[in-house]
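Read the figures in this text as sums done on the coordinates, not as results from a lab. Quantities reported herein were computed from a predicted structural model and do not represent experimental measurements. Cβ atoms come from the backbone with ideal geometry, glycine included; neighbour counts cover every protein chain shown.
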Amino acid sequence: MLDKEISFYFEQELARQNDGVELIASENYPSISVREAQGSIFTCKYAEGYPGHRYYGGCENVDAVENLAIERAKKLFGVPYANVQPHSGSQANFACYHALLKGIAHPKILSLTLNDGGHLTHGSPVSFSSDLYQVSFYPLGEDGKLDYSIIKTRLWEEKPDLLLAGFSAYPYEISFSTIRKIIDQYNKESNAHCLFMVDMAHIAGIVAAGLCENPCLYADAVTSTTHKTLRGPRGGLILSRDENRKKDLNSAVFPYAQGGPLEHVIAGKAVAFGEALHPDFISYMKDVLLNTKACALRFAELGAEVSGTETHLFLLNVLNSYGINGREAQVKLEEIGITTNKNMIHGDTLKPKDTSGLRIGFAAVTTRGCKEEDAKEIADIIHHVLKGNLSKEEATKKVQILTKKWKKIEKLQFSSISM
Ligand code: PLP
């Protein structure tokens, strides 16, 4: 049966995505194969448990698919353990904290100050993380970069059971090996057992392409989303270099945190991991980094206050550059077909509902074929619109010229709905 109401919105959304410049750093366009996997027959199947040990019959095909996803994830990140079942990055973090900290009375976590780029699940008062754990924080240094001596000091002050790194809005490389050394030294000198967890949700694609340090080599466990730079379906992932953690991590995901796995999404993860293992993915990720850098540099040339970048994202201080807050800038850009999100920046004086900054990322537009010249032009358009030098009509026209040059997001050919 054709569902006209819902298919109308499918059409609208496809047009919005095709006609727009998508700069939200946590978004991407997975391949049509990944999207087809998510719409596949595997959505029908209940498969509580793990391959070979399910609570339901008829699992031979989901077992094969989930095993493929696991093996590909292990190969991609060079680890002996992977769990591909977390429904999301938040679920992965929930399960991972539980597995690493269970049995400890009043467990303590040390993570990055949320306004400096941490995620809600890293200790926000509105998240389960601050209810279940005692969370304290390390700030960035004055230059907006991680200061490893501050991390060291905070570690000795707070004596946490787990130190967390990996963030939502941090534009620079993270030295996971340095943090590992700090923790090892602390554990040795204090006879402590602090664990190291990395949430690489944002940078998983950069890690997979081998273009930054691999946190899996240094952390006790690593969580991720699969839908950001990794360009897979919306979902979560847990990895560990320590196979002995398998039992605790597996049982923390199922049955502790979740019920039946989303095997259609796991099929999509398997496809995406296969794509990320292909050399083309490395070229893609290199282009993402080049485009991000080109855009940030262009903003700096234009005189805007912008962070540096060594990743797929940077932060633009719109308050200091254009005299408007992040919320207002986000709305102005959305009106001309550029999607961004307001973001707190280091030392922000405004509230999270307003913010002084915008977070700008290039994973999605690079998938569509954005090149460095386009990235510079995007900076020009944003700069002049926010300065008030470029009318809405002129800016929209420029956005349309750009997006017409790029690859279209494909339409799925389903027979009963139109996407
Ligand atoms: N961890 C980090 C660092 C993130 O940036 C995000 C999402 O933006 C998450 C976890 C949560 O992922 P999800 O939205 O899939 O729950």
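Placing a label point 7 Å from the Cα of Asn187 along the Cα-to-Cβ direction, the residues of the stretch 244-271 whose backbone N falls under 17 Å from that point are 244-246, 248-249.
The Cα center of the stretch 30-56 and the Cα center of the stretch 83-108 differ in position by 23 Å.
For the chain, the residue among Trp406, Asn187, Leu350 whose Cα projects farthest onto the positive side of the dipole built from Cβ charges is Trp406.
Dipole size of the chain about its Cα centre, with +1 on Lys/Arg Cβ and -1 on Asp/Glu Cβ: approximately 240 debye, rounded to the nearest 20. Of all beta bridges that DSSP places with both ends in the chain, some 55 percent have antiparallel geometry. Long hydrophobic helices in the chain, taken as whole DSSP H segments with a C-alpha length of 27 Å or more on their own axis and mean Kyte-Doolittle hydropathy at least -1.0: 279-301.
Of the cross-linked pairs Lys332/Lys398; Lys74/Lys411; Lys4/Lys371; Lys75/Lys102, those separated by over 26 Å at the C-alpha level are Lys74/Lys411; Lys4/Lys371; Lys75/Lys102. Annotation for Thr339 and Asp3: the two label points, set 7 Å from Cα along the Cα-Cβ direction, are 2.0 nm apart.
Volume of the convex hull of the chain (Cα atoms only), normalised per residue: 141 Å³.
If you take all other residues with their beta carbon under 11 Å from the beta carbon of Pro352, and give Lys and Arg +1 and Asp and Glu -1, the sum is +2.
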